[in-house]
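*Asks:* Sharing a structure below in structure tokens format, with a few things to ask.
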Amino acid sequence: MGNPDLAQATVVLRRPPSVVMRLARMGSAHPMRLSFLRVLLRRMQSGAWTFDRPVWDVDNKGVGRAVYRAVGPDRTYCLVAFSHDLPDDMRSDRVIATAWDATFALFDGDPTVEDLDRLEQNVPYQEAGRISGRELSLSRANRSVRLFSHVVDRLAKGQQPDAEEMAGVGYLMRTTAVYGSGKFGAADRREIAGREELAAPFQAEMLSVWLTRQFTVDIVEHLAAAKGGAAAVRLDVGLKRGLGVGNSTGLGMAPFLVRHPILLNNWMMTREEALARVRSLTTATEAQVAALKEAAQAAIVNAADWRSEHPIQVSKLADLRGDLERIAAKLDDFPSSDTYPWNALWIWGEETLSEEGQEALLALVLEPHGDLVDGLSDCMSADESAGFTIDGSMTIGGLRSVLRDRYDWALKIDYSVPEEQARFWYVSEEKLEPRLGDRATDDGASLEQPLCTGRLAWELEQSLNGWSDGDLVAAFLLRHPEHRFMVRRAQIADRFPYAEVQDNLISDRMLPIDLMRCKLAFFGATHFDPRSDKWVRISLFQGAPYPLDLSEGVVR
Amino acid sequence: MTAEPNDPTRAGTDWTDSGEGKVTLSRNEVETLCSKAARGAGMSWGLAEEAGVAAGWLAARGIDGPAALLTYLQTGVVDCRDRLVIMSDGWSRLEAGLLCPIALGAAISDFAGTDLGPIGPSRVSLGSTAAPILLLPFLAGAARRTGQSVCLDWEGGTAKVGPGEVAPDGVSELLGMQHAEIGVQALSDTNIAHLPQTVCRLDRRVIEALNGFAMKTTVPPSEKSRADAGAGESDND
């Protein structure tokens, strides 16, 4: 029986920011239909893009260069790859590394030999080189020592690699940084944001990683052929499809979401809108139910293959696996006779599942509804300059009310308690790597970055004492330039309700990996595997088709 | 080909050995570099953001705002919160001394569209201001929001600023001034020629010096800080 009260509320319901924007929940996010690599693959498949490898100039030691070309209806993009022979003792995934197994740039158009020569003088040096406005991204990758040589050795002997070894690692190489948006001379985001194929977030970076996945397979097959000669075989298609591209990420990724509040809002609000649309449906067709069950089964397989030794993740994985079994059992009776069957399923999940399971359910219920939600990906990018100009005509009373509405979570915290200010974010001199210090014992707290949004909001609120509600923000900022940064954020949060992470980002309980997991889930990352509370590995494009055989494979 | 190691303590390109001449930077790089440099020189975070965006706006129009910002930062960031007072009877100076162009620009931007905005039919004297070229982006922003073009004047010259744009006349003279007695007034002329957008070209020495300020926002490495930021175990597996 439908519940009319519930039904009425459901039609407009998005989960509120106070639920969605908490670190623990963000740290339970799963990839879904609107994740950026899914957006890219849909475009590549539906837009009749074609792919080839016009350059493969690599010697028997695996040293040389290659070009992977993606030709779309309007424009061409090329991944330029440089393959190196890296001594084992130089291999590190940290940003402070200085050399890599392979380095890449995504070129805008078809590169000439002169372009390739120019890039060869710069791309292998990564941050220490310069690229130009003709390039859209700069990246590098290291081999998985465990898997890479195993695969080369087996293929060289004419054998396939061990399936268990393959599943245990999941990738041949992992990227350790993918720079875009004007970094090191690359094209500014504003220069390319108007292109349809690059309008959604991180499309150039996703394309670069997808083409990199092709390179990782090509280079093992090349080395196997060089080693084994006529005896060598190519990688089995099924094993190959199971490989993604790894990514190894440290703290550098965590501040991104805090530094891009409008973008964060648009990601979160869009995802919540997608969920609300599905929950508002009054029917569940047979095809939708079948697709939902198929997605649930795929999620169970994915969770079974998902390895981590980190205690936090081990516990979360146990929650997830248990919850996925509960979901699968619940789906035996789906759809129910409720007026809003999807909503009934969702409410059941909220009452029954862990946060890990609830967020997995979100990804599952979106899966059968491409027609309903895929178009929302157009709403996920942001012109962040739109939030830059401060509205000085806002009154102090207005600002107070924004702080009450949007920062109540922050104003409640007692920052005089050491635990609530236990840490500080700073930028290291070493390659400008963002790091997190211990305020009581580490040097550098005087150089704290303004990522402590909660405390900044509280300090702003305190400084408003003595100002009248009718005074102008412009007049306040003339006397208090130290609050300009937070006033800008508050005015953004006023217009964009999902702009702020609603947790204390400097408390001793804060886990940076929660921020990273949220961002990586929006990228489409699977197999989130923390190596500490500040360092993770993930996999991208596992199960997806390869550019050079686009027709094969499916993505979850 | 081998990949020679580079210096891991460096943020990026080493400009010190790259000789004379100009380098093309992305606008994002200009904004980030200038913002960090302003912060490193002592500006508040919020004003440092304004400095970065303003310098990028100028550089994207072929005006060497980053060099002007550098000169200003080298002479010392001025705290002018007690130098300017804005009341219903207008803008006036509480005490003598230079105004910071970023703080003044931010105030012009903040008050634009309120009854207290300085840009109206009669000229408002703003007094002695450092690196006045840096005001142009703020005036252009104010002009865009109010739909009111502005004339910026100094002894012997003027510059015309329209919504989001600046006319070429007077710009190079203004760029050369380390400080000037300035005033602003609304312009009835709305049809203002504007400088076309271009790539950002910066002198290597300017980049190097700005980077020197920017690095003051960073913390020197230690073994502990390096270890804390990484994986709990080897990442070479």
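The values are calculated or read from the model by the stated rules, or taken from the named source; none is laboratory data. In this text the structure is predicted, and so the values were computed from the model without any measurement. Here the Cβ is made from the backbone with ideal geometry for all residues, glycine too, and neighbour counts use every protein chain on show.
*Asks:* State which residue is nearest to B:Arg123 (Cα to Cα) when the search covers only region B:78-93 and only residues that are surrounded by 11 or more Cβ atoms within 10 Å (Cβ to Cβ) and of a type in the set (A, V, I, L, M, F, W, C). Show your work before the answer.
*Replies:* Residues of region B:78-93 that are surrounded by 11 or more Cβ atoms within 10 Å (Cβ to Cβ), as a first pass: B:78-86, B:90-93.
Checking the rest, the ones that are also of a type in the set (A, V, I, L, M, F, W, C) come to B:78, B:80, B:84-86, B:91.
Working: B:Val78: 25, B:Cys80: 22, B:Leu84: 17, B:Val85: 17, B:Ile86: 15, B:Trp91: 11 Å.
For region B:78-93, the residue satisfying everything is B:Trp91.
*Asks:* If A:Val145 passes every condition in (1) of a type in the set (A, V, I, L, M); (2) away from every other protein chain (no Cβ under 14 Å); (3) over 20 Å from A:Thr76 (Cα atoms) but one, which one does it miss?
*Replies:* Answer for A:Val145: the failing condition is (2).
*Asks:* Of everything in region A:187-204, what is touching a residue at least 24 places away in the same chain (Cβ under 8 Å) and among the small types (Gly, Ala, Ser)? Give them in sequence order.
*Replies:* A:Ala187, A:Ala193, A:Ala199, A:Ala200, A:Ala204
*Asks:* Could I ask something else about it? Could you please let me know if B:Arg93 is modelled with pLDDT under 95 and touching a Gly at 6+ places or on another chain (Cβ under 6 Å)? Step through it out loud before you land on a result.
*Replies:* Working: modelled with pLDDT under 95: yes; touching a Gly at 6+ places or on another chain (Cβ under 6 Å): yes.
So B:Arg93 passes the test.
*Asks:* How about region A:41-101: which strands (runs of 3 or more DSSP E) wholly inside it have at least 2 residues that are assigned by TED's automatic domain parsing to the domain that holds A:Gly246 and within 18 Å of A:Ala199 (Cα to Cα)? Give the steps one after another, and end with the answer.
*Replies:* Working: elements: A:50-58, A:64-71, A:76-83.
Of the strands (runs of 3 or more DSSP E) lying wholly inside region A:41-101, those with at least 2 residues that are assigned by TED's automatic domain parsing to the domain that holds A:Gly246 and within 18 Å of A:Ala199 (Cα to Cα) span A:64-71, A:76-83.
*Asks:* From the list A:Arg455, A:Arg423, pick out the single residue that is under 20 Å from B:Thr217 (Cβ atoms) and in contact with a Phe, Trp or Tyr (Cβ under 8 Å, 6 or more places away or on another chain). Steps first, answer last, please.
*Replies:* Values: A:Arg423 fails: in contact with a Phe, Trp or Tyr (Cβ under 8 Å, 6 or more places away or on another chain).
When all the criteria are applied, what remains is A:Arg455.
*Asks:* While we're here: Output the residues belonging to region A:157-182 that are buried (at least 20 other Cβ atoms within 10 Å of the Cβ) and either assigned to a helix (DSSP H, G or I) or of a type in the set (Lys, Arg) (or both).
*Replies:* Matches in region A:157-182: A:Met166, A:Val169, A:Arg174.
*Asks:* Would you be able to say whether some residue in region A:466-474 is within 14 Å of another protein chain (Cβ to nearest Cβ) and among the polar types (S, T, N, Q)?
*Replies:* Within region A:466-474, the subset within 14 Å of another protein chain (Cβ to nearest Cβ) is A:470-474.
With among the polar types (S, T, N, Q) added as a condition, the list becomes none.
No, region A:466-474 has no match at all.
*Asks:* Here is a follow-up. Taking the stated definitions as given, is A:Leu515 closer than 30 Å to A:Arg69 by Cα, in contact (Cβ under 8 Å) with a residue 60 or more places away in the chain and assigned to a helix (DSSP H, G or I)?
*Replies:* Working: closer than 30 Å to A:Arg69 by Cα: no; in contact (Cβ under 8 Å) with a residue 60 or more places away in the chain: yes; assigned to a helix (DSSP H, G or I): yes.
In short, no.
*Asks:* Which condition breaks for A:Pro434 when tested against (1) closer than 28 Å to B:Lys216 by Cβ; (2) modelled with pLDDT of 95 or more?
*Replies:* Evaluating A:Pro434 over (1) closer than 28 Å to B:Lys216 by Cβ; (2) modelled with pLDDT of 95 or more leaves (2) as the failure.
*Asks:* Under 8 Å by Cβ, and 6 or more places apart or on different chains, what pairs join a residue from region A:495-509 that is of a type in the set (Lys, Arg) with one that is not in a loop (DSSP other than H, G, I, E, B)?
*Replies:* A:Arg495/A:Gly387; A:Arg509/A:Glu419
*Asks:* Taking A:Tyr415 as meeting all but one of (1) touching a Lys or Arg at 6+ places or on another chain (Cβ under 6 Å); (2) assigned to a helix (DSSP H, G or I), write down the number of the exception.
*Replies:* Result: A:Tyr415 fails condition (2) only.
*Asks:* Give the residue that is farthest from the other protein chains (Cβ to nearest Cβ), with candidates limited to residues of region B:213-225 that are in a helix (DSSP H, G or I) and free of Cβ contacts under 8 Å to residues at least 60 places away in the same chain.
*Replies:* Of the residues in region B:213-225, the ones in a helix (DSSP H, G or I) are B:213-217, B:223-225.
With the extra rule that they be free of Cβ contacts under 8 Å to residues at least 60 places away in the same chain, the set shrinks to B:223-225.
On the way: B:Glu223: 11, B:Lys224: 7, B:Ser225: 6 Å.
Taking the candidates together, the pick is B:Glu223.
Condition check ((1) under 22 Å from A:Trp267 (Cα atoms); (2) among the polar types (S, T, N, Q); (3) free of Cβ contacts under 8 Å to residues at least 40 places away in the same chain; (4) crowded, with 20+ Cβ neighbours inside 10 Å) across all residues:
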position: A:Phe184; (1), (2), (3), (4): no, no, no, yes
position: A:Met206; (1), (2), (3), (4): yes, no, no, yes
position: A:Leu211; (1), (2), (3), (4): no, no, no, yes
position: A:Val233; (1), (2), (3), (4): no, no, no, no
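*Asks:* Moving on. Go through region B:10-46 and count every residue that is under 18 Å from the mean Cα position of the chain (by Cα), acidic (Asp, Glu) and either at pLDDT below 90 or assigned to a strand (DSSP E or B) (or both).
*Replies:* The number of residues fulfilling the criteria is 0.
*Asks:* Out of everything in region A:442-465 that is at pLDDT 95 or above and part of a loop (DSSP other than H, G, I, E, B), what residue ends up being surrounded by the fewest Cβ atoms within 10 Å (Cβ to Cβ)?
*Replies:* My answer is A:Asn465.
*Asks:* Between a first residue in region A:376-403 that is within 14 Å of another protein chain (Cβ to nearest Cβ) and a second residue that is in a helix (DSSP H, G or I) and aromatic (Phe, Trp, Tyr), which pairs have beta carbons less than 7 Å apart while being 6 or more apart in sequence or on different chains?
*Replies:* A:Gly392/B:Phe111; A:Ile396/A:Phe476
*Asks:* Collect the residues in region B:141-162 that are farther than 21 Å from B:Gly97 by Cα, under 18 Å from the mean Cα position of the chain (by Cα) and not small (Gly, Ala, Ser), keeping them in residue-number order.
*Replies:* Correct list: B:Val161 only.
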